[in-house]
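A single structure is presented below for examination.
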Amino acid sequence: QVQLVESGGGLVQPGGSLRLSCAASGSIFSIYAMGWYRQAPGKQRELVAGITSSNSTNYGDSVKGRFTISRDNAKNTVYLQMNSLKPEDTAVYYCNADQVVVLGLFPRDYWGQGTQVTVSS
């Protein structure tokens with residue numbers, strides 16, 4: 001079974017920074033893409049940032065220029081560096097691993113349990 005474990009969330013003041021990490025564990029052969037989504041109360045889950053195994057990245061419009069996604073393929077780990085945080089960045093952040101190949105199983109995606117990020121003074 002594949003598990004995604006997130007860390008790094010918390011409370012930060014506006015203008016501050018946080019770094020989220022997500023490590024995928026299990027009998028993983030490969031992962032095509034990893035990314036971060038977020039969901040604020042009363043809102044739909046939205047893409048924050050994604051990165052492929054070849055390090056091609058994409059970002060949600062609201063975080064461009066402030067957030068940076070990176071990935072360590074050897075460790076099956078994805079990071080999200082969040083700078084210049086705003087109160088509207090407050091949400092539960094979820095890690096996603098897309099097209100995960102486990103030997104003997106069809107590729108599928110997996111989700112982490114979520115980590116709370118709160119931006120408030």
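The values are calculated or read from the model by the stated rules, or taken from the named source; none is laboratory data. Predicted model, so just to flag it, every value in this text is computed and none were measured. All accessible areas refer to the heavy atoms of the entire protein, side chains included, with ligands and DNA or RNA removed. Shrake-Rupley method; radii C 1.70, N 1.55, O 1.52, S 1.80 Å.
Multiplying the sequence separation of Tyr32 and Asn58 by 0.36 nm and subtracting their Cα-Cα distance, what value in nm do you get?
8.0 nm is the gain from fully extending Tyr32 to Asn58.
Then there is this: In whole percent, and with a 1.4 Å probe on the protein chains, what portion of the accessible area of segment 1-74 is carbon and sulfur?
Of the solvent-accessible surface of segment 1-74, carbon and sulfur hold 46 percent.
Let me ask another. Kirkwood hydrodynamic radius (Cα pairs, Å) of segment 28-67?
It works out to 11.3 Å.
Further question on the same structure: Once you compute Rg and the Kirkwood Rh from C-alpha atoms, what is the Rg to Rh ratio for segment 1-71?
Checking Rg against Rh, the ratio lands at 0.98.
Right, something else. Using the Karplus curve 6.51 cos²θ - 1.76 cosθ + 1.60 with θ = phi - 60°, work out ³J(HN,Hα) for each residue of segment 18-30 in order, rounded to whole Hz, and write x for Gly and Pro.
So the J values, rounded to whole Hz, are 9, 10, 9, 10, 9, 10, 9, 10, x, 7, 8, 8, 7.
On to the next question. Using amide H atoms built 1.01 Å from N in the peptide plane, name the residues 5+ places from Phe67, or on other chains, whose amide H lies under 5 Å from its own.
Amide H to amide H, under 5 Å and 5 or more residues apart or across chains, Phe67 pairs with Asn83.
Once amide H atoms are placed 1.01 Å from N in the peptide plane, what residues at a sequence separation of 5 or more from Gly16, or on another chain, have their amide H within under 5 Å of its amide H?
Leu85
Residue by residue through segment 89-98, what is 3J(HN,Hα) from phi via Karplus (6.51 cos²θ - 1.76 cosθ + 1.60, θ = phi - 60°)? Round to whole Hz and write x for glycine and proline.
Running phi through 6.51 cos²θ - 1.76 cosθ + 1.60 with θ = phi - 60° gives 7, 4, 4, 8, 9, 10, 8, 10, 10, 9 Hz.
Another question about this same structure. How much length is gained if the chain between Asp109 and Gln81 is pulled fully straight, taking 0.36 nm per residue apart and subtracting their Cα-Cα distance, in nm to one decimal?
Answer, rounded to one decimal: 7.8 nm.
Working from the pairwise distances between different alpha carbons, so that the mean of 1/r is found and then inverted, what is segment 61-121's Kirkwood radius in Å?
It works out to 13.7 Å.
Ordered by residue, what ³J(HN,Hα) values in Hz, to whole numbers, does segment 38-47 give under the Karplus form 6.51 cos²θ - 1.76 cosθ + 1.60, where θ = phi - 60° and Gly and Pro are x?
Those phi angles translate into 9, 9, 8, x, x, 10, 6, 5, 10, 6 Hz.
With the other protein chains left in place, how much accessible area per residue, in square angstrom, belongs to the chain at a 1.4 angstrom probe? Kindly include the intermediate steps, with their values, before the conclusion.
Working: 6510 Å² over 121 residues.
For the chain, the solvent-accessible area averages 54 Å² per residue.
Cα to Cα, under 26 Å, and not fewer than 8 places away if on the same chain: which lysines meet these conditions relative to Lys75?
Within the straight-line cut-off, Lys75 pairs with Lys64.
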